[in-house]
Amino acid sequence: MGKISYFRFMKEIKEHILIVILPLLLLVTEFCFSKYYQYFYMSVADPVYAYLFNGLNLAIGEWELGHTDHPGTPLQILVALIIRIAYFFRKTDLDIIADVLSNPELYLGLTSHLLILLNISVLWFSGSLILKKTNSVRKAIFFQSAIFLFPTIFLKLSMVMAEAFYPAIMMMLITWIVLHLISRSNNSGHTFKYPLVYGVFTGLALATKILLFPVIIIPLLIIRSWKGKISYLLISMISFIVFILPAINKMQRFIQWFLRILFHKGVYGTGESGFDLSAHVNNIKLIAENNLMYVFFYFLLLIFLVFIVSGKISKKIRNKSYFRVFTGLLVFHTLLILLVSKQYSDHYLIAGYLFIPLTAYIVYQLIQQEYPGLFSKFKENNRNFLLIVFIGFNLANVLIKVDIASWSNNPLKETIKYSTENIKSQPRIIVSSGAFDSPFKESGLYFGLSYSGKLKSRYAAMLKKLYPDTYFYFNRQNLLNDWSSLYFAEDIFRKYDSVFVYVKDRDSLLIRNLSDKFIHLGESSGIKIIQQDYYKNQQSKESLYKFKCIDRIDDRNVKHIERTYCNCEEKDSSGQFLTGSEGCFVSKAFLQTDESSFRGTYSVKLSPEEPYGLDMFFKVNPGDQFRLSVWRKSSQGEGVFVFTSFPDKSFYEAGGAVQKYLGEWGKIEFNVEVPESYSGDSCHIYFWNQLQKNTIYLDDLEIERSPKN
């Protein structure tokens, strides 16, 4: 080996070592963070457990997805593959469903680790390609640094969520854009590989999260020929369809959801239709306040645009490839900011953050082309020093804000440890005010169950076997249920001598109100209940209470209230009736729909063609009192309860008034009494879309019946 060859060889070794540094650093920090984070159900059950259940759907061979909002199918496919492979190597007597539901964190942890390794591999591969084509280790490391620019990118990498896929997809797109710009074959006829690669990764990006659709613009402007542009768009479409195949039968629902997001004022497509300018302005202010670096580079693009419009940039540059990329980046960032300003959250901007190094590089190249001698004063060592300072500053900023040490001392873990050691499998009620984080994995499983689509009843039956003594109380809806059925407090306290209740004290009055409610309901059913403080975590504001039944009163003088509930989620074996609490059968199950729901996946749809629904029949006595309630979504307040004798119509009453609203849904209540003069013994209860002009949706039917005082 000659002296020159030896030095060249050593130089290449040194360069390849340098481009491994950032991937190795990411490997160490991410695995430390994932170790400290430890439990997904602790605070990110939403959306992590939704991906677990939908991955399980695919893993058992069912092309049924209950979560298609993003659409997110590439991640669901990845979860399915991991479940199948991991289960194959596990020595267990449980079937695949029971094993996943018994050990959800094991499967989620494996998925998290694979996502980390995927991003690390792509980061190394990207650096290697750019080094090979540019022969500049500085450029390779500069583009690799994208993943370390913002804490949000770093935080989401170990989560089983769509954003964990972003870095790998965006880094591949960015790498090929850089290769396209520097390739000598850019003007030759052999350029189909670029539309092909752009199309595959653009389709993958859109299937992962539709919010990324502005990224389509950048390759579209880089590709010069119309033939290449059309090829790119067709390949993108094919790629998108391939990656969303498991959810292809839910595309109508997905499109409706996406259109609601775009054209409704509320978050996640809620609220009335229209454009809320003040909300957009306020969110743009938040983006500017919380993301100074991102805003700086965006304004850099705008300033350069002003120079172009004012004629201070030569027309010759406007025909260059770098200018086309500049235009694409400006449109991409603008559209992304406008979309995110609809409902701002920092992680929605991750794709924009990852494009910052490319944005800086393009602006640098355009300035260098316009003013060739401007950067000649910066020597090689000075440029290397600036790169080190840039990466070092951002890395330190990320590590400080992420604060791994604080995660290792997360107070939530103390509650998990205490619950595991002291409560174990004893009966518990997990109270939720809307969030699904708790020290019990059952809370994550319940959230995932609600997004499991048509397999919900199958999973609910298994969860009932695995966790038979777990119940959930939803404070906003005043509902108490297990995995599939409604329960009333008195049912729980008849079954157990004591029950633990977990509350996260977001509302200091919550446990007091809940305690009063449980004790009152117990007394009304002949049960005497006392509340005991059991455990408090002051840092995380979590509490565990023990409700104990100390006496069962002689119920001969107790007025019994019979309660019936249907959440419109399950059908009986015949498929003709919706089921709910014990003995509840609601006819016309064919009216069940997944177009909209108050809670869960399904509701009942009453259209002008099918105006009657939620039919139930009861045996009654004269003087029986009924309180009927249901959550209704209607555009003009249509719909009333009907209470009538059966089979004749010797008495007939209709009505109902909205008692409260939650978003587009209103809770209708109607109180009615069987006449003393009634000589029959049956009644028919149903809901009527009396105007028969618009479609209405009904959910969570509840009927209380009490005998005459």
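The values are calculated or read from the model by the stated rules, or taken from the named source; none is laboratory data. Keep in mind that this is a model prediction, so the values were computed, not measured. Cβ placement follows ideal geometry from the backbone for every residue including glycine, while neighbour counts extend to all protein chains displayed. For accessibility, only protein heavy atoms count, side chains too; no ligands or nucleic acids. Shrake-Rupley method; radii C 1.70, N 1.55, O 1.52, S 1.80 Å.
Some observations on this one:
- Of all positions in the stretch 687-694, at least one carries a residue that is under 24 Å from D572 (Cα atoms) and at pLDDT 90 or above.
- The listed residue being under 12 Å from V160 (Cβ atoms) and in contact with a Leu (Cβ under 7 Å, 6 or more places away or on another chain), out of L123, L101, L129, L108: L108
- Count of residues meeting criterion [among the polar types (S, T, N, Q) and over 20 Å from the mean Cα position of the chain (by Cα)] in the stretch 70-115: 3
- Among the criteria (1) surrounded by fewer than 18 Cβ atoms within 10 Å (Cβ to Cβ); (2) within 21 Å of D681 (Cβ to Cβ); (3) in contact with a Phe, Trp or Tyr (Cβ under 8 Å, 6 or more places away or on another chain); (4) modelled with pLDDT under 85, the one D572 does not fulfil is (2).
So that you can scan it fast, the table gives a plain yes or no per residue for (1) over 15 Å from D699 (Cα atoms); (2) acidic (D, E):
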position	(1), (2)
G639	no, no
P647	yes, no
S650	yes, no
Y661	no, no
I668	no, no
E676	yes, yes
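- Pairs where the first residue, in the stretch 97-118, is over 11 Å from L52 (Cα atoms) and open to solvent by 10 Å² or more (accessible area, probe 1.4 Å) and the second is modelled with pLDDT of 95 or more and acidic (D, E), C-beta under 7 Å, 6+ apart: none
- A single entry from K454, K464 fulfils the requirement of being open to solvent by 10 Å² or more (accessible area, probe 1.4 Å), assigned to a helix (DSSP H, G or I), touching a residue at least 60 places away in the same chain (Cβ under 8 Å) and under 19 Å from G66 (Cβ atoms): K454.
- Scope the stretch 682-705; condition more than 19 Å from Y652 (Cα to Cα) and over 33 Å from the mean Cα position of the chain (by Cα); matching residues: Q692, K693
- Taking every residue in the stretch 75-94 that is part of a helix (DSSP H, G or I) and pairing it with any residue that is open to solvent by 60 Å² or more (accessible area, probe 1.4 Å), at least 6 positions away or on another chain, the pairs with Cβ-Cβ distances below 7 Å are I82/L110; I82/L114; A86/L110.
- Enumeration of residues in the stretch 419-451 that are of a type in the set (G, A, S) and either in a strand (DSSP E or B) or in contact with a Lys or Arg (Cβ under 6 Å, 6 or more places away or on another chain) (or both): S432, S433
Residues checked against (1) at pLDDT 85 or above; (2) over 30 Å from Q76 (Cα atoms); (3) open to solvent by 30 Å² or more (accessible area, probe 1.4 Å); (4) aliphatic (A, V, I, L, M):
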| position | (1), (2), (3), (4) |
| --- | --- |
| R253 | no, no, yes, no |
| L277 | no, yes, yes, yes |
| N282 | yes, yes, yes, no |
| K285 | yes, yes, yes, no |
| Y298 | yes, yes, yes, no |
| I303 | yes, yes, yes, yes |
| F307 | no, yes, yes, no |
| K316 | no, yes, yes, no |
| T327 | yes, yes, yes, no |
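- Against the test of being within 27 Å of the chain's Cα centre (by Cα), at pLDDT below 70 and of a type in the set (D, E, K, R), the options D516, D482, D437, D507 yield a single qualifying residue, D507.
- On the stretch given as the stretch 125-142, residues that are within 21 Å of T208 (Cβ to Cβ) and of a type outside the set (S, T, Y) total 1.
- Helices (runs of 4 or more DSSP H) fully within the stretch 128-233 counting 3 or more residues that are open to solvent by 30 Å² or more (accessible area, probe 1.4 Å): 137-144, 193-208, 217-222
Residue-wise test of (1) within 36 Å of the chain's Cα centre (by Cα); (2) surrounded by fewer than 19 Cβ atoms within 10 Å (Cβ to Cβ).
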| site | (1), (2) |
| --- | --- |
| T579 | yes, no |
| L591 | yes, no |
| S597 | yes, no |
| K605 | yes, no |
| E609 | yes, yes |
| K619 | no, yes |
| W631 | yes, no |
| S634 | yes, no |
| G639 | yes, no |
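- Within the stretch 38-58, residues that are in contact (Cβ under 8 Å) with a residue 12 or more places away in the chain and assigned to a loop (DSSP other than H, G, I, E, B) reach partners that are open to solvent by 20 Å² or more (accessible area, probe 1.4 Å) and among the charged types (D, E, K, R) with beta carbons closer than 8 Å, at six or more positions or on different chains, in the pairs Q38/K413; Y39/E105; Y39/K413; Y39/K441; S43/D437; V44/D437.
- Test result for A164, within 22 Å of the chain's Cα centre (by Cα) and under 18 Å from P47 (Cβ atoms): yes
- Residue pairs meeting the criteria (Cβ under 8 Å; at least 6 apart or on separate chains; first assigned to a helix (DSSP H, G or I), in the stretch 286-301; second of a type in the set (G, A, S) and surrounded by 14 or more Cβ atoms within 10 Å (Cβ to Cβ)): I287/S341; Y294/G352; V295/A288; F297/A360; L300/A360
- Among residues of the stretch 401-434 being within 28 Å of N54 (Cβ to Cβ) and small (G, A, S), the one that is modelled with the highest pLDDT is S419.
- Residue satisfying all of: in the stretch 638-682; over 30 Å from N694 (Cβ atoms), of a type in the set (D, E) and assigned to a loop (DSSP other than H, G, I, E, B); modelled with the lowest pLDDT among these: D648
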